[in-house]
Amino acid sequence: VCSGKTGHAEVIQIRFDSKKLNYETLLDWFWRGHDPTTLNRQGGDVGTQYRSVIFYHSEDQKNIALDSKNKMRENGMFKDPIVTEISKIQKFFPAEDYHQDYYRKNTNVGYCNYVIKPKLQKLELQ
């Protein structure tokens with residue numbers, strides 16, 4: 001994946017109960033939690049594996065994601081164009097155990113302090 005030649009993206013897969021959290025709210029957190037205007041980059045990480053992407057599981061999710069992206073474009077939340085890709089999920093591969101809950105396990109690591117922690121603070125999360 002790190003070579004950028006596989007077509008893979010480093011993403012998370014979120015399982016949620018739509019009775020407790022609707023997909024629109026989940027997408028709202030997505031837009032606020034990262035920069036969807038930088039092509040193939042998030043923070044200091046560069047390459048196609050770091051692209052902004054929403055993988056959908058159904059046509060309903062696809063349409064909601066497209067509507068959400070259009071609303072973000074229209075509301076002017078971002079001054080630069082949104083480059084987020086919206087694609088059908090093909091296959092998800094969970095990361096190695098040491099990458100699971102990385103922030104909780106490594107709160108004192110430089111990356112966590114300089115990249116993740118400011119994002120959590122921006123979202124008013126711990």
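Computed from the coordinates by the stated procedures, all read-outs in this text should not be read as laboratory data. Computed from a prediction, not measured in an experiment: that's the story for all the values here.
A cut-off of 5 Å between modelled amide H atoms, ignoring neighbours fewer than 5 places along the same chain, links ILE54 with GLU85, ILE86, SER87.
Per-residue Karplus couplings for segment 81-96, computed as 6.51 cos²θ - 1.76 cosθ + 1.60 with θ equal to phi - 60°, are listed in order as x, 7, 10, 4, 8, 10, 9, 6, 5, 9, 8, 10, 10, x, 5, 4 Hz, Gly and Pro entered as x. Between the labelled values (i) 39; (ii) 23; (iii) 71, the entry that holds percent of Cα pairs over 26 Å apart as derived from this structure is (ii). Of all the options LYS62, LYS19, LYS88, the one that moves most in a Gaussian network model of the chain with Cα springs shorter than 10 angstrom is LYS19.
For segment 37-109, relative contact order (Cα pairs under 8 Å, six or more residues apart, normalised by length) works out to 33 percent. Checking the Cα-Cα distances for LYS5/LYS105; LYS20/LYS122; LYS62/LYS117 against a 26 Å cut-off, the pairs over it are LYS5/LYS105; LYS62/LYS117.
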